[in-house]
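The values are calculated or read from the model by the stated rules, or taken from the named source; none is laboratory data. What you see is a predicted model, and the numbers here were worked out from it, not measured in a lab. All Cβ positions, even for glycine, are placed from backbone atoms using ideal geometry, and neighbour counts span all protein chains on display.
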Amino acid sequence: MLRAIVVLSSLLVSAWAGPVAAENGTVSGYMFGDYYYVAAAGDSDEEGRNAIQFRRIYLTYDQQVDDGLSARFRLEANAAGFGEDAKMVPFVKHAYLKWSKYLSGADLYVGLSGTPTWALAEGVWGYRSIEKTVLDRNKIGSSADLGFALKGKAGAFNYFTMIGNGPGQKSEDDNGKKIYASLSWAATESLVLEGYADYNVRSEDRSERTVKFFAGLRGDGFNGGAEVFSRTNAAGGGADETISGVSLFGSHPLVDRLKGFARVDAVRNDVEGSTDEDSTDEDSTVMLVIVGLDHSPRNNMHWMPNLYVEKPDGGDPDVQGRLTFFFKF
């Protein structure tokens, strides 16, 4: 981590040291967090819990190295969580070169770069500061991976393919590799459709397979989307696990600089061989409901009061009231 901070500091010094470097490099970032209050919880010890927290902070340096070649270095820091005796520690989120020359409108990414797993859905949802997308929230993949990625357009379709280690920002932990593929189509000016799949070879008899379909609407008025996915964790001699779910979300302007947004997720975890009569904690459905308002006094600032309700199978709901803030610079 010290090495990463030294590298970033060197880049920033280079960017500000002279007119040429400053012209080609930019520093940006954002931060978001909340004041939250736990009004009800299945674990009664958590009721009444409240805190002010940063949930994520980004610091990004982008540089145009030369014609057709650019670089990005990004650090991320997250809150450790309520009661954790730990400070926010930054880690490397992105570190890659992007090459665009001689690729017929495509971009080649080399290094630690974003994956296609939920990139499009997150953009349409538009409220990562409120909650992760349904795949991200349920740990179905990673937002970044170390490897090679190719993004481009073929006729009416946009493609995003990648081969990476699989564990995201963590070190490789097996001899296999993960293959990602996304194909999207702008059916109309506002409607986009996407099919996605990935396959991760963990060992000779262990693998992970994900398929997903996404439909999103983007415009000046209503924004919304529907995401359906299925993930199978093949365990070889053990029981296979399938995680499947659906997420529906939308937002709409109410008055000037005020929007309303809502989302509903349903995610089921099934283990091969289990039955309804012999259900376990491994076979369950979790519901998530989010509703809120988004007030934006400036284009780079948002204040978002929201209600967050999560209900597991056969359990009491967890209910939080939040005042979420987002600032971009």
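Examine the stretch 250-257 for a residue that is small (Gly, Ala, Ser) and in a loop (DSSP other than H, G, I, E, B), and state whether such a residue exists.
no
Cβ-Cβ below 7 Å, separation at least six or inter-chain, first residue in the stretch 182-193 and without any contact (Cβ under 8 Å) to a residue 24 or more places away in the chain, second surrounded by 13 or more Cβ atoms within 10 Å (Cβ to Cβ) and of a type outside the set (Gly, Ala, Ser): which pairs?
Within 7 Å, the pairs are Ala187/Leu193; Leu193/Trp185.
Keeping to the stretch 257-297, report how many residues are out of contact with any Pro (no Cβ under 7 Å at 6 or more places or on another chain) and modelled with pLDDT under 95.
16
Any chance the stretch 143-162 includes a residue that's under 17 Å from the mean Cα position of the chain (by Cα), at pLDDT 95 or above and of a type in the set (Lys, Arg)?
No, the stretch 143-162 contains no residue that is under 17 Å from the mean Cα position of the chain (by Cα), at pLDDT 95 or above and of a type in the set (Lys, Arg).
Which one of these is among the acidic types (Asp, Glu), within 20 Å of Ala266 (Cα to Cα) and out of contact with any Ser or Thr (no Cβ under 6 Å at 6 or more places or on another chain): Asp136, Asp173?
Of the residues listed, the single one that is among the acidic types (Asp, Glu), within 20 Å of Ala266 (Cα to Cα) and out of contact with any Ser or Thr (no Cβ under 6 Å at 6 or more places or on another chain) is Asp136.
Within the group Gly219, Gly176, which residue is part of a loop (DSSP other than H, G, I, E, B) and over 22 Å from the mean Cα position of the chain (by Cα)?
Testing whether each residue is part of a loop (DSSP other than H, G, I, E, B) and over 22 Å from the mean Cα position of the chain (by Cα) leaves just Gly176.
Within the stretch 204-222, does at least one residue satisfy the condition of being aromatic (Phe, Trp, Tyr), closer than 29 Å to Ile130 by Cα, touching a helix residue (DSSP H, G or I) at 6+ places or on another chain (Cβ under 9 Å) and surrounded by 14 or more Cβ atoms within 10 Å (Cβ to Cβ)?
yes
Filtering the stretch 223-237 down to residues that are out of contact with any helix residue (DSSP H, G or I) (no Cβ under 7 Å at 6 or more places or on another chain) and within 30 Å of Asp256 (Cβ to Cβ), which residue is surrounded by the fewest Cβ atoms within 10 Å (Cβ to Cβ)?
Ala226
Of all residues being touching a residue at least 12 places away in the same chain (Cβ under 8 Å) and part of a loop (DSSP other than H, G, I, E, B) in the stretch 133-142, which is surrounded by the fewest Cβ atoms within 10 Å (Cβ to Cβ)? Just the residue, please.
This residue is Asn138.
Across the stretch 41-55, which residue is modelled with the highest pLDDT among those that are among the polar types (S, T, N, Q) and over 20 Å from Leu288 (Cβ atoms)?
Of everything passing the filter in the stretch 41-55, Asn50 is modelled with the highest pLDDT.
Give the residue that is nearest to Asn138 (Cα to Cα), with candidates limited to residues of the stretch 291-317 that are of a type in the set (Asp, Glu) and assigned to a loop (DSSP other than H, G, I, E, B).
Asp313
Please go through the stretch 47-72 and pick out each residue that is surrounded by 13 or more Cβ atoms within 10 Å (Cβ to Cβ), in a loop (DSSP other than H, G, I, E, B) and touching a residue at least 12 places away in the same chain (Cβ under 8 Å).
The answer is Arg49, Gly68.
Residues of the stretch 73-124 being part of a loop (DSSP other than H, G, I, E, B), closer than 30 Å to Phe222 by Cα and among the hydrophobic types (A, V, I, L, M, F, W, C), which ones?
Trp118
Taking the conditions exactly as written (exposed (fewer than 13 other Cβ atoms within 10 Å of the Cβ), among the hydrophobic types (A, V, I, L, M, F, W, C) and either modelled with pLDDT of 80 or more or out of contact with any Cys (no Cβ under 8 Å at 6 or more places or on another chain) (or both)), does Ala21 satisfy them or not?
no
Hey, any hits in the stretch 192-208 for a residue that's of a type in the set (Gly, Ala, Ser), assigned to a strand (DSSP E or B) and out of contact with any Gly (no Cβ under 8 Å at 6 or more places or on another chain)?
Yes, the stretch 192-208 contains at least one residue that is of a type in the set (Gly, Ala, Ser), assigned to a strand (DSSP E or B) and out of contact with any Gly (no Cβ under 8 Å at 6 or more places or on another chain).
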